[in-house]
Every structure is written in C-alpha cells, then in structure tokens.
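The block underneath contains the structure these notes are about, expressed in structure tokens.
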Amino acid sequence: MDFTLTRRSKVPIKTEYDSLENLYPHNIMMYNLPPTEDIKIEEFEQLALERLKLLRIFEQSTSRNLKFGSDDFKEFVNAEMTREGLKGFLKLCSGNSTKNEAKKESEVQARRRDYISHFILRLAYCRSKDLRRWFIDQELLYFKYKFLALTSSEIKHFLEINRLDYSAISEEEKSEVKDGLYESTYGQNAAKIELTDFYKVHFTEVLDLIKFRKCFIQKGFCYVSSQDFISIISTSYAQKMNVGLESCQRILPEIENDDRLCRLLRSLHKSYTGKDYTVAANQVTPESIDQLSNKSFPLCMRMSHEHLRAHHHHKHDGRRQYGLFLKGIGLSLEDALRFWREEFTKKVDNEKFDKQYAYNIRHSYGKEGSMVNYTPLSCLTIINLSYGAGSTHGCPYKIFDTATLKTKMTSYGISQIHIQEIVNYSSKGHYQLACGKYFEVVHEKPLEAGINHPNQYFEQSQIIMGNREVKKPVPNNPRKRLAGKGLNYTMTENDDDDELWQVAEKEESMFSQKTAFEDDLDLTQINEMECN
C-alpha cells in the first residue's frame, strides 16, 4: 500500500468582494435586473434616503440654472455630495480607473449601494405620472454626470457589459468622412478629433444632437463623438426606466401589504433628509424672541411671530409649525408654556389655556401621552401643508400673491430690486430659492447651501452674526427605532388638536413591533413579483 502524502490542490475561495465585482462590474449600469440579495430594513431605509439626497442635489443644480457639465455645475454637485456625506456616489462619478485594491473594494461597495438604492426609489416613485417624471429627470442627470467621466476604453467596457450593440467606426471609414467630422465637431481641433472615437447610428436615435447641429449626418446616419455618445445611451436608459417604473406600479399592491415598506415608500418624496433639529444645541428665552425674529427667523416664522403678537392666538397648525420651530431653536418646555400663556391669556383665561392648549405644548416636547419627541417641520413639509382661509401656517412664498409679498418685504426695508428677485423665484415655484435669496438680502452675505429647514435658516443666521460656532455636521438618523419614551416622530400634516397624541400612540405601537425591524427584506421576492 502506498502511504505517500499527496498535497491537495488549493481551491480559491470566492470572497464577498469577488462576488460583488461580478454583480456590479462597472460604475455605470443600465439597471436591467433588480437586485436579489437580502438586506435589513434599516439598510433599506438608509439607502432610500441616500439616493433621495443625491437626486435632490441634481434637482437643485437645475433650479440654479447651472449648465450641465460646466465647471460651475461640477463644482456645485461635487461640493454638495461631499457636504451630504455621499462620497461613495462621488467616487462613481470619477471614472472607472481605480487601481488601488483597497480603494477598488470601496468603489465596488459604492456600486452596490448605488444599484440597490436605484431600485428602492423605483418602488417609491412609480405611483404617479408626476413622481415618475421627476425621478427620471434626476436619474438621467446623475447617469449623464457619471458618463462624462468615462474614457474611450471605459465606454467600450460599459457597452460590452450592458450588451449594447454599438462600436466605434474603423479608421478607414473615419478617414472617408473626416472633413464632415472636422466641420461638425464643435470645440475640437483636428489633432483631437483624430484621437476621438466616433459611433455611427441612425439619425432617429440622436434627434437632440441634430437639433443643435452637434453631429455629422450622411445618408440618414449620424457620426457621434464619444463625448456626445451619452445622448444615445441616455435615450435608451430613459426608455428602460419607464418600462421598469410601469412594472413596479403593477406590483405595488403586493409590496404595500408589508407595513414596514408601505409608510416609507408613500412618504419618501416628502421626506426631509437634512439635519435633525429635535434637540436644540443652545437655549433661547421668551424675552429674546422679538429681537431674534427680526433677522434670524425665516419669513414663515417671522410672520407667525408677528401674527401671534398682534392677535394673541394661532390655530392648531399655526401653533404646531411655530411651536416646534421655537423648540428647535432652544426654547425650553417651561419657557414655552410661559411664552404661549402670556400671549393666549390676553384673550382667554388661565383655566381655558390649561385645558385646551397646555397639554399639547407638553405633548410636543415628549412629556405627555406616548412621550414622542416631535421634530420641527422641514421646508418641504411646510410647503406641502394644506392651507385654508384664516390659516396661520404654511410657506408664504407659496401662499401669498406677488402684491402681498412685495408689501410685506417692503415693510421690512428690503429694496425693490431685491424684492423682485425674491418674487421671481416664488412665482416660478422655487420657494426655497426665494427663501435663500431673502436670507442673503437680510444678512448681506451669500448663502453657501440652500435653505431646507427653518431651523437651519436660524442656525446659519446665528453663525453669521457670531452667536454660534460652526460645528462639524453629525450624520442624521432620520428615524430612530426606539419604542416608547425618547421616540422621534416627524409630525404629519393636518393633525387636529384632539388627534395629536392619538397619532403618536399609534406610531409607538407600530414601532414597538420589534420583529418588523429585525427581519431581512428579501429583494428576490420583490424581483419575482415584478417579473410576474
């Protein structure tokens, strides 16, 4: 018998990185197939909010009238991605040429988050025509921005991976049409054109390039440079997204049977993705509010304060909007009770105040009922609040007509030139840009970031005025999943006085179902429903 020891050949172990590299081989994908892995509900929500932040950056670039691909556009988008902590997405906009293994693994993880988050938002934005249009417009900008960073070899790799039947013309064919290429390729000299790849496609695929005379046409075919090739790909990409969103819409009833997903997906478009102002960093006193309101309050809160001082009353939505703002800037519960009591008791007696209003003030601070610590309302929430006759809440840039806005800002001493600039934004529906311009006029300084929250406005004002130090932003956890005391809850619109704590108690009950947040979400099941 032969007892000679033989060495068994080593079988290479497939690492998680190798698996992800195969699933997500390129920084730019066409998102043809939904992901099939299991993820935690916490990651599902985190990825959704990350993607939403990303798309809102591109929406802001459009609102600012920044020309796509310009230096100003790139500077704004890159700075905003960095500020919002989206460095993974920023990596994907820097080409596909990473050589360092550690950085490569980080890049592949970013591809995974990019891929999964895209499909999560499809579930949220498939439910109406307007939502689909918004989603496709922002996704196209992001897709094109990534494509801008690709070299000719990376474009070829992209086409191979996504099985797109396009190939650059041969040198012989290029030589035959070189005169036409020289005349039609804007901003490129002959030497650069010689090194540029061109693709031959039917004219119907690049009607936008033909419109702006950005390609050479011969016998019904267009010769498109690699720089403009994105026009062809983005058309195909938009068509695929339309089909995918229609498929998602068909399976929505089945997906929304899961309570964990239903509420998130329905409210995602109105979600606030910025800093959480539930707990104030500093404190203010009732005596300081009059002075603070003159410069550090956004127009919505300044007008709320003026209404309270003039009429000694606010309806429920007005109290909620203004009260939570005051809480967010540092008004303590004891001071809040004193502040509101002093005003309201000019019209009602103390007994009525204690019976009808004091409970709700304590409740908003998390001291009654379900002990829910309510979050101040964001700009997006305020803009979308319903508004009726006699209401004292909402966004003034949306609610008031041009004449009313001009009269109000004239009374504040703002020049007519600046008023017209603000009104121009509001008349076009750019309410947050109007608020940002108002901030710049009042403070006589440019605003680095857009206004997304009334408490952000206050904080930035105090920093400019030297009353606060600039602090490094802490990553925001938009929804803390802790049942009972200390639970954060972003208030929804149209809560009546007697329903405030009922809503909170219902939310507490939902959050207390611990298993609903510990189970994995099976993306394969969603995939199968979509295919069916």
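The apolar share of the surface of the stretch 163-230, taken as the fraction of accessible area on carbon and sulfur atoms (1.4 Å probe, ligands and nucleic acids excluded), comes to 50 percent.
Can you give the accessible area per residue of the stretch 299-342, in Å², using a 1.4 Å probe? Working shown, then result.
On the way: 1350 Å² over 44 residues.
Per residue, the stretch 299-342 has 31 Å² of solvent-accessible surface.
On a per residue basis, the stretch 163-230 carries 66 Å² of accessible surface, using protein heavy atoms and a 1.4 Å probe. Ranking Ala191, Val177, Cys215 by Cα position along the charge dipole of the stretch 163-230, where only Lys, Arg, Asp and Glu carry charges on their C-beta atoms, puts Cys215 farthest toward the positive end. With each label modelled as a point 7 angstrom along the Cα→C-beta vector, the Leu207-Ala191 pair spans 4.0 nm.
For the Cα trace of the stretch 300-417, dividing Rg by the Kirkwood Rh returns an Rg/Rh value of 1.00. Please tell me the relative contact order of the stretch 163-230 in percent, rounded to the nearest whole number, where contacts are Cα pairs under 8 Å and at least six residues apart. It comes to 33 percent, rounded to a whole number. Give me the net charge of Ser427's neighbourhood, meaning all other residues with Cβ under 13 Å from the Cβ of Ser427; Lys, Arg count +1, Asp, Glu -1. Every neighbour counted, the sum reads +2. Residue separation of Glu43 and Leu148 scaled by 0.36 nm, minus their Cα-Cα distance, works out to 34.9 nm of gained length. Using a probe of 1.4 Å, the accessible surface attributed to His312 totals some 40 Å² when neighbouring protein chains are kept in position. What pairs in Lys355/Lys408; Lys178/Lys211; Lys174/Lys211; Lys91/Lys275 have C-alpha atoms more than 25 Å from each other? In this structure, Lys355/Lys408 lie more than 25 Å apart at Cα.
Mind checking the stretch 413-471 for GluC sites (Glu not before Pro) that DSSP puts in a loop (not H, G, I, E or B) and that have at most 12 other Cβ atoms within 10 Å?
On the way: sites: Glu421, Glu440, Glu444, Glu448, Glu459, Glu469; in loops: Glu444, Glu448, Glu469.
Hits after loop and neighbour filter: Glu444, Glu448, Glu469.
Just so you know, the Cα atoms of the stretch 163-230 work out to an Rg and Dmax of 11.1, 32 Å. Cross-link list Lys104/Lys200; Lys270/Lys315; Lys315/Lys406; Lys144/Lys200; Lys53/Lys327; Lys129/Lys327: which exceed 28 angstrom alpha carbon to alpha carbon? Flagged as over cut-off: Lys104/Lys200; Lys129/Lys327.
The values are calculated or read from the model by the stated rules, or taken from the named source; none is laboratory data. What you are looking at is a predicted structure, and each value in this text was computed from that prediction instead of being measured. Backbone-built Cβ (ideal geometry, glycine too); neighbour counts: all protein chains shown. Areas reflect the complete protein model, heavy atoms only, side chains present, ligands, DNA and RNA absent. Shrake-Rupley method; radii C 1.70, N 1.55, O 1.52, S 1.80 Å.
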